[in-house]
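The values are calculated or read from the model by the stated rules, or taken from the named source; none is laboratory data. Please read these numbers as outputs of a predicted model, since none were measured by experiment. Every residue, glycine among them, receives a Cβ derived from its backbone with ideal geometry; neighbour counts consider all protein chains shown. When the accessible area is computed, the model is the full protein with side chains, heavy atoms only, and any ligands, DNA or RNA have been set aside. Shrake-Rupley method; radii C 1.70, N 1.55, O 1.52, S 1.80 Å.
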Amino acid sequence: MTDRTHTAAINGATGAPLWLLAELTYRCPLQCAYCSNPLDFAAVQEELTTAEWIDVLSQARAMGAVQMGFSGGEPLVRRDLEELVAEARRLGFYTNLITSGLGLDEPRIEALREAGLDHIQISLQASDPDVAAAVAGSPKAHAKKLAMARAVKAAGYPMVLNVVLHRHNIDRIDEIIALCDELGADAVELANCQMYGWAHLNREGLLPSRAQLEAAEATTARWRERLVERGRDMRLLFVVPDYYGERPKACMGGWGSIFMTVAPDGAVLPCHSARMLPMSFPNVRDQGLEAIWYDSEPFNRYRGDAWMQAPCRSCEERHKDVGGCRCQAYLLTGDATATDPVCSLSPDHHLIEAARREAETATRPIAALTLRNVHESRVFCRQ
Ligand code: SF4
Ligand code: FES
């Protein structure tokens, strides 16, 4: 820590950020119905230039950040990705690329490897091309993703796959894991869709029922046993939707605690969803990252526990889960200081219970999902 008087320290927050997520662009060739980008992504026009991103990386590293993710949108849309990866590595970051695989080919994988990229994570939508196409809006993407997953592994990277689960693909988890096995995956994140951004808009069409969830967890457990029997090292991580918890997650390890996102236009956020909160976030085009992290009002607003309402304020668990997720609290209650309704102690927990009940009987077909699209985004921009 420098000798400046940091409000973060006064509030008892941890020191420097450890994680930097660089959302290089909101542009993407896919239109996933659960995209976590803001609904009004089309309002973001002027992306940071290569030089501006390099400055962001240098500032974050100088502050002590060690891990960095390149994401989007689709980060491969940026032709300067390799240059940014090389710079991040030169600065000493551990680098991770979070991608759909579209925009990748063997020469580009080689260029990223030469740039020093440490890790690549490719997302899959389903085991079935038709479901994948219906959820991502592209009939060709599935085959391309499979080919790129294989190419990434052939280039010497571990194959790390992320499959977003929801009510239209979770019943096929057996086939999904079998596909990952056949591809030669080293690790698979079976991540149930969390309800932010476009996923929140499509919640009724995405949230699985409890029975679906329990069946999928049981299938995953059987797969783990079989993999051990075969001596096959493929790690399966099953991520339950927040909506089926009784306690919330300590989102981002706490607001402004270890995690920092820089959005395509340079807005600096404590998490990738915070942009929809009713507050204005600082921008690297106007201020240095250190001043933003330590001294800006948005980064300090939910640090510590002074901002908490009852029941969090006097709850013994408040330092464990920091009252849950500010974005989820706002999306569900309209008040970002509320207890995350996921918590069974929250006075708003009935909202979560109502969503679970709705999921028991929901009949909305996959074709009725609203895919992420520019037209709708422009409508949200005007709201
Ligand atoms: Fe966590 Fe607040 Fe629930 Fe206590 S009341 S468990 S602090 S979310
Ligand atoms: Fe924003 Fe949890 S996603 S605080």
| query | How high is the FRET efficiency between Glu376 and Glu229 when r is their beta carbon distance and R₀ equals 35 Å, given to the nearest 0.05? | reply | 0.15
| message | As a test of the formula, what do you get for the chain when each DSSP H run with n ≥ 4 contributes -39,500 (n - 2.57) and the sum is divided by the residue count, at 222 nm and rounded to the nearest 500 deg cm²/dmol? | response | -11000 deg cm²/dmol
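So for Thr361, Thr25, what's the accessible-area order with a 1.4 Å probe, most first?
If we order Thr361, Thr25 from most to least accessible, we get Thr361, Thr25.
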| task | Using per-residue counts of other Cβ atoms within 10 Å, averaged over each peptide, order 206-218, 70-82, 258-270 from highest down. | result | 258-270, 70-82, 206-218
| Stretch Ala178-Asp105 to full length: gain in nm at 0.36 nm per residue minus the Cα-Cα span? | 23.8 nm
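I'd like the carbon and sulfur percentage of the solvent accessible area for the chain, probe radius 1.4 Å, heavy atoms only, ligands and nucleic acids excluded.
Here carbon and sulfur together make up 52 percent of the probe-accessible area.
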| Under unit Cβ charges (Lys, Arg +1; Asp, Glu -1), what dipole magnitude, rounded to 20 debye, does the chain have relative to its Cα centre? | 260
| Please state the relative contact order of the chain as a whole percent: Cα pairs under 8 Å, 6+ residues apart? | 22
| Residues with amide H under 5 Å from that of Gly101, placed H, sequence gap 5 or more | Ser123
| Taking a temperature of 20 °C and a viscosity of 1.002 mPa s, what whole-number D in µm²/s does Stokes-Einstein yield for the chain with Rh from Kirkwood over alpha carbon pairs? | 99
| request: Would you mind getting the accessible area per residue of the stretch 88-166, heavy atoms of the protein chains only, 1.4 Å probe, in Å²? | output: 37
| remark: One finds, for Arg150 and Ala211 with R0 = 30 angstrom and r their Cβ-Cβ distance, a FRET efficiency to the nearest 0.05 of 0.30
| field | Three semi-axes of the equivalent ellipsoid, the stretch 319-365, Cα gyration tensor, whole Å, largest first | value | 23, 11, 9
| remark: For the stretch 39-116, the dipole about the Cα centre with charges only on Cβ (Lys and Arg +1, Asp and Glu -1), to the nearest 20 debye, works out at 340
| remark: Output ordering of 99-106, 229-236, 352-359 (per-residue mean of other Cβ within 10 Å, highest first) is 99-106, 352-359, 229-236
| remark: So Ala191 and Ala218, fully extended at 0.36 nm per residue minus their Cα-Cα distance, gain in nm 8.2 nm
| task | Show the residues, 5+ positions off or on another chain, whose built amide H is closer than 5 Å to the amide H of Asn202. | result | none
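For the stretch 125-173, which trypsin sites (Lys or Arg not before Pro) are in a loop by DSSP, counting at most 14 other Cβ atoms within 10 Å?
Details: sites: Lys140, Lys144, Lys145, Arg150, Lys153, Arg167, Arg172; in loops: Lys140, Arg167.
Counting only loop positions with at most 14 other Cβ atoms within 10 Å, the trypsin sites (Lys or Arg not before Pro) in the stretch 125-173 are Lys140.
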| task | Enumerate the residues in the stretch 172-186 having an amide nitrogen under 13 Å from the point lying 7 Å beyond the Cα of Asp128 toward its Cβ. | result | 172-176
